[in-house]
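In what follows, a single structure is set out as structure tokens and then discussed.
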Amino acid sequence: MNGSISRIYALVLRHIHIWRSSVMRLVDSIYWPAVQMVMWGFMTQFLLPQSSFVAQAAGVLLSGLLLWEVVVRGNLSLSIAFLEEMWSRNLGHLFVSPIRSWEMATGIIITALLRTLLGLIPVSLMAWAFFGFSIYSLGVPLIAFFLILQMFSWSIGLAMSGMIMRVGQSAESFAWAAVFILMPISGVYYPISVLPHWLQPFAYILPTSYVFEGMRSILLQKAVLWHLLGFAFALSVVYLVVGFQIFLWFFRASRRAGSLLSQGE
């Protein structure tokens, strides 16, 4: 186990050194969430005197935005951490070393977590500075929201990384688009009840829909729906296990096909 920890630490440290050599990689993690937050923040300021609902639910839009960025940044950070290895033609070298597939998956998950935190903590402070709204007012449930959304984003990122490893870089676009396909049925800015009836069952198999329903419950009714969070956590664990298994399946298929050494720019 000590050997595994050392190898995982080495993988994470490699990406930290990459960030240090290129500040723009970290700026990219902050830039897009910041632009989205400012845009929706000013929209909220405009709507406040226009709608009694929005006046009562001040912060709902910003909370939805910031929590959704946890999913987006988690998925993209993991995918980019994996793609860094492909772009540098390092994937084959990694897997001829003692590093195991699960150690690599763990390493890029930790890297994705660090990059997500580095990107979103400054943006959350900007929301407080610009608009006087602190997402930390959600309290302890915010930790659960973050963990659930991160695990779900990792599951998507692992599955997409596995597909890119097997199919090649032609599948990169799926890594960027996968999360956004789920956004309309995740209830980020509106309740699931507004969706067509035939679409609602698809929403209820996603942990994201329960997180955003729970977020609105705290902000509007001052009630924490712990049973929803428990179910969302269980769903995220299931998705993470499935995403990891997909990653392993694609890895084995790539190894059998001998395509690991040929991946890269």
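Observations, loosely collected:
- Look at (1) closer than 22 Å to PHE233 by Cα; (2) of a type outside the set (Phe, Trp, Tyr); (3) crowded, with 21+ Cβ neighbours inside 10 Å; (4) at pLDDT below 85 and you find that GLN150 fails only one, number (4).
- Residue that is open to solvent by 30 Å² or more (accessible area, probe 1.4 Å) and of a type in the set (S, T, N, Q), where the choices are SER77, SER155, SER134: SER134
- Sole exception among (1) open to solvent by 40 Å² or more (accessible area, probe 1.4 Å); (2) in contact (Cβ under 8 Å) with a residue 24 or more places away in the chain for LEU117, by number: (2)
- Residues (part of a helix (DSSP H, G or I) and either surrounded by fewer than 21 Cβ atoms within 10 Å (Cβ to Cβ) or in contact with a Lys or Arg (Cβ under 8 Å, 6 or more places away or on another chain) (or both)) located in region 219-234: LEU219, LEU220, GLN221, TRP226, HIS227, LEU228, LEU229, GLY230, PHE231, PHE233, ALA234
- In region 207-218, the condition of being out of contact with any Pro (no Cβ under 9 Å at 6 or more places or on another chain) and open to solvent by 70 Å² or more (accessible area, probe 1.4 Å) is met by no residue.
- Test: residue in region 244-252 that is of a type outside the set (Phe, Trp, Tyr) and modelled with pLDDT of 90 or more: yes
- Extreme residue, nearest to MET215 (Cα to Cα), among residues of region 108-167 that are hydrophobic (A, V, I, L, M, F, W, C) and not in a helix (DSSP H, G or I): VAL140
- Between PHE180, PHE174, the distinction of being under 12 Å from the mean Cα position of the chain (by Cα), open to solvent by 40 Å² or more (accessible area, probe 1.4 Å) and either β-branched (Val, Ile, Thr) or modelled with pLDDT under 90 (or both) belongs to PHE180 only.
- Members of region 186-202 found to be open to solvent by less than 40 Å² (accessible area, probe 1.4 Å) and in a loop (DSSP other than H, G, I, E, B), listed by number: SER186, GLY187, VAL188, LEU195, LEU199
- Subset of region 92-120 (residues that are among the aliphatic types (A, V, I, L, M) and touching a Gly at 6+ places or on another chain (Cβ under 7 Å)): ALA112
- Residue check for ILE205: aliphatic (A, V, I, L, M) and part of a loop (DSSP other than H, G, I, E, B): yes
The values are calculated or read from the model by the stated rules, or taken from the named source; none is laboratory data. Quantities reported herein were computed from a predicted structural model and do not represent experimental measurements. Cβ coordinates were reconstructed from backbone atoms using ideal geometry, including for glycine residues, and neighbour counts include every protein chain displayed. Note: accessible area is taken over every heavy atom of the protein model, side chains too, but ligands, DNA and RNA are not part of it. Shrake-Rupley method; radii C 1.70, N 1.55, O 1.52, S 1.80 Å.
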